[in-house]
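The values are calculated or read from the model by the stated rules, or taken from the named source; none is laboratory data. Because the structure is a prediction, the values reported are computed rather than measured. Cβ: placed from backbone, ideal geometry, glycine included. Neighbour counts: every protein chain shown.
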Amino acid sequence: MREFPPITEPELLERLAFDDEEFLAFIHNLAAAWGRREYRPELFERALAYPWARPGVSYLLHDSDFELLRDLDPAKRESIAKDFTQDRHPILSIGGNGAPEWLTTKFAHFPDQEDRSALVLTGDLHGLDIGPAAELTPLGYMPANLFASPGTAVRAAVIWATAPQVTQLTWSEVSCSLGRLDEARFVVDETDLQVDEVFAYINRFGTFCVDGAPVALAAIPATGRTAKALTQEELLDVVARLLIGADARAEDLVRATFDDRADVKAREAEKVWPSTQQLQVRWSSFPAAECR
């Protein structure tokens, strides 16, 4: 089995070790701390654009720039793959973390060049699909989450990350547990490389369900998909009707998230969180309690 990345920051380990009661209290307190924020129409467009612009093919990130692996000569591609996969940790990206702009934002503060660069390999993740987590982020969109889907191959990416990068990514995935997918099959594009054990962030609220079944994010392609796929706006329309009223639409919900996040989170707890499905595949949770 692939060893877990080293995480040593006490506050982060404490958060990862929360039981359900502690986690829910933490989430509600965090929501209350946001307060009222200014809403602008472009924020709605930003929410609808999730998971944002991604190359769709493997790339090498350098600070705020990136280059596509397919544009490099074969010898250089092989050298890069060997260097980046030797001592780094494969972190599955199913949403915004696959966007160069988002990774740049998360890694920009690191003093070492090594920690501001990353190899991002795209490919197909088998036996799983990607749907919306059963929560709204502070920006008003529903983030990606995994759910079991036999026969499906969904587009995803693996970020080969340094230990500091893993710690940073884990800090940013506030509602997630870090785990290892012990029976994953991730097939990298245009190579014979297959990664059988990857680390992933699994949302603790589960995947949102409509009419009793998980739905997929239409923005993320897949083959063999059996789940109904909805756009971000269609998802937010559904949740707006649940939380605000029958005539509410997606933008009303995003606006409400900026006006009073604590109130929206309380309504989520009543109307959204019960309509979820937890990940039904074999995976191992990061042993946070043992590392404290």
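For this structure, a couple of remarks:
- Any hit, region 18-30, residues being at pLDDT 95 or above, more than 30 Å from ALA250 (Cβ to Cβ) and surrounded by 14 or more Cβ atoms within 10 Å (Cβ to Cβ): yes
- Here PRO111 fulfils each of the conditions (1) surrounded by 12 or more Cβ atoms within 10 Å (Cβ to Cβ); (2) free of Cβ contacts under 8 Å to residues at least 12 places away in the same chain apart from (1).
- The condition of being modelled with pLDDT under 95 and either under 30 Å from PRO150 (Cα atoms) or crowded, with 20+ Cβ neighbours inside 10 Å (or both) holds for only one of GLY127, GLY95, that being GLY95.
- Residue identified as in contact (Cβ under 8 Å) with a residue 24 or more places away in the chain, over 30 Å from PHE258 (Cα atoms), buried (at least 18 other Cβ atoms within 10 Å of the Cβ) and of a type in the set (Val, Ile, Thr) among THR85, THR122, THR170: THR122
- Some residue of region 202-215 being touching a helix residue (DSSP H, G or I) at 6+ places or on another chain (Cβ under 8 Å) and either farther than 27 Å from ALA17 by Cα or polar (S, T, N, Q) (or both): yes
- From the options ASP182, ASP259, residue that is more than 30 Å from ASP87 (Cα to Cα) and acidic (Asp, Glu): ASP259
- Residues satisfying the stated conditions in region 242-269, i.e. surrounded by 15 or more Cβ atoms within 10 Å (Cβ to Cβ) and assigned to a loop (DSSP other than H, G, I, E, B): ILE244, ALA248, ASP260
- For ALA184: the one exception among (1) touching a Gly at 6+ places or on another chain (Cβ under 9 Å); (2) more than 30 Å from GLU22 (Cα to Cα): (2)
- Answer residue from region 97-128, given it is part of a strand (DSSP E or B) and β-branched (Val, Ile, Thr) and is farthest from VAL215 (Cα to Cα) among those: VAL120
- Annotation note: Cβ proximity below 7 Å between a residue of region 14-26 that is touching a residue at least 12 places away in the same chain (Cβ under 8 Å) and under 14 Å from ILE202 (Cβ atoms) and a residue that is among the hydrophobic types (A, V, I, L, M, F, W, C) and surrounded by 12 or more Cβ atoms within 10 Å (Cβ to Cβ) (sequence gap 6+ or interchain) occurs for LEU16/LEU178; LEU16/PHE286; LEU16/ALA288.
- The set of residues from region 31-55 being surrounded by fewer than 16 Cβ atoms within 10 Å (Cβ to Cβ) and outside any loop (DSSP other than H, G, I, E, B) comprises ALA32, ALA33, TRP34, PRO41, GLU42, GLU45, ARG46.
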